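Here's the structure we're looking at; comments come further down.
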Amino acid sequence: MSASLGGLLKDYRLQKNLSQLEIAFALGWKDTSRLSRIEQGRVGSPSRKLIDRLVNAMELKDEKKNDLLLVGGYLPTESEIKKIRQETNDIIVEWPYSAVIYDFSWRIIHHNKAAIQLYRINDVVEKFIIDKHPNLLEIVFDPNFTQNANLKGEEINKWHKFLLTFVLRYRYAQRTRTKEKWYTELIQRLMNNELFRTIWLKTQKTQPLSVYNFGAVTPIINPKDTNKRLSIYFSMVPLLKDPRFELDFDTPADVATFRYFKKTTISQLS
């Protein structure tokens with residue numbers, strides 16, 4: 001399969017045994033020149049509206065439409081976000097540990113109560129997350145984020161090493177989208193953050209690791225006792241039917257963390 005938007009569009013057209021002229025006529029175009037330029041990547045990103053029209057003209061199923069939107073770097077719409085929240089709600093609510101849904105740009109789309117409690121997110125910030133879908137980078141680099149505000153000494157050094165890996169993974173994931181408006185606006189905002197700016201500059205000189213999807217994050221401050229620490233394994237995996245969204249589901253990395261979540265779950269049920 002082709003990695004570019006135009007290449008993937010052509011692959012799907014050929015799979016459906018459709019000619020460029022058939023698609024052009026279906027869209028009300030008199031010739032194939034516009035479609036040909038799109039498939040060859042000779043024009044900028046087509047509008048989302050045009051992609052939707054092309055998808056309808058080729059009668060593509062949702063899975064292929066979502067692949068096109070991902071390759072093209074089109075951010076999910078509010079209606080698509082609402083749909084994903086509904087479809088994943090039972091999964092993350094029933095997960096006994098913290099769980100969060102992100103879109104491919106790492107905007108926060110949905111979360112469970114365990115995540116809010118673990119990272120000590122207050123009601124005001126939670127409402128902001130629900131309404132505005134801030135990027136995860138904006139949360140973890142906020143000076144008031146529990147890790148940044150409470151860790152000291154060697155612990156803060158470990159946290160900053162994790163943030164370095166975090167930003168490396170983000171830059172690798174977005175390597176084909178660095179000219180997109182949403183990407184440049186995000187990085188411009190984050191450049192006002194001294195910690196982010198420092199970590200960002202370090203990524204220029206650091207070789208990316210081969211695996212970022214799974215690892216232990218230490219230390220995480222225990223929200224019930226800020227003098228104690230928790231250890232979390234995290235894993236981010238794309239949703240099968242719509243890979244524009246990823247599920248980050250956490251699991252305890254030690255007994256103390258397991259006991260924390262177990263006690264939290266029991267207290268919620270009682």
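Nothing in this text is a laboratory measurement; each read-out follows from the coordinates by a stated rule. Nothing here was measured: the structure is a model prediction, and the numbers come from that model. Every residue, glycine as well, gets a Cβ built from its backbone with ideal geometry; the counts of neighbours run over all protein chains shown.
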- Note on the structure: Counting only residues 5 or more apart in sequence or on a different chain, those whose built amide H sits under 5 Å from that of F245 are L239
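Whole number please: convex hull volume per residue, Cα atoms of the chain, in Å³. Spell out each step's value before the answer.
Numbers: hull volume 38.6 nm³, N = 270.
In the chain, the Cα convex hull volume per residue is 143 Å³.
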- Query: When the Karplus curve 6.51 cos²θ - 1.76 cosθ + 1.60 is applied with θ = phi - 60°, which whole-Hz ³J(HN,Hα) does each residue of the stretch 185-200 get, with x for Gly and Pro?
  - Reply: 5, 4, 5, 4, 5, 5, 5, 6, 9, 4, 5, 4, 4, 5, 5, 4
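Quote the relative contact order of the stretch 5-72 in percent (integer), defining contacts as alpha-carbon pairs under 8 Å separated by 6+ residues.
42
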- Query: Which whole-Hz ³J(HN,Hα) couplings does the stretch 49-54 yield from phi under the Karplus relation 6.51 cos²θ - 1.76 cosθ + 1.60, θ = phi - 60°, glycine and proline marked x?
  - Reply: 4, 5, 4, 4, 5, 5
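State, as an integer percentage, the relative contact order of the stretch 22-117 based on alpha-carbon contacts under 8 Å between residues 6 or more apart.
Working: 59 pairs, mean separation 16.6, N = 96.
It comes to 17 percent, rounded to a whole number.
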- Message: Going by amide H atoms built from the backbone, whose H comes under 5 Å of the H on S235, apart from near neighbours?
- Response: F249
- Cα centroid separation, the stretch 1-42 to the stretch 59-109 (Å): 26
- Name the long-range amide H neighbours of L230: under 5 Å, sequence gap of 5 or more, or other chain; modelled H, no Pro or chain starts. I220, I221, N222
- Query: If you average the sequence gap of Cα pairs under 8 Å that are 6 or more apart and divide by the length of the chain, what percent do you get for the contact order?
  - Reply: 18
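Treating only the Cβ atoms of Lys and Arg (+1) and Asp and Glu (-1) as charged, compute the dipole magnitude of the stretch 53-137 about its Cα centre; round to the nearest 20 debye.
Details: 12 positive and 13 negative charges, 39 e Å.
With Lys and Arg at +1 and Asp and Glu at -1, about 180 debye.
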- Which ³J(HN,Hα) values in Hz, rounded to whole numbers, follow from the phi angles of the stretch 35-44 under the Karplus curve 6.51 cos²θ - 1.76 cosθ + 1.60, where θ = phi - 60° and Gly and Pro get x? 5, 4, 5, 5, 5, 8, x, 8, 10, x
- Query: In nm, to one decimal, how far is the modelled label at N148 from the one at E126, with both set 7 Å along Cα→Cβ?
  - Reply: 2.2
- Message: Ignoring everything except DSSP H segments at least 4 long, calculate the 222 nm mean residue ellipticity for the chain; use -39,500 (n - 2.57) per segment, divide by total residues, nearest 500.
- Response: -16000 deg cm²/dmol
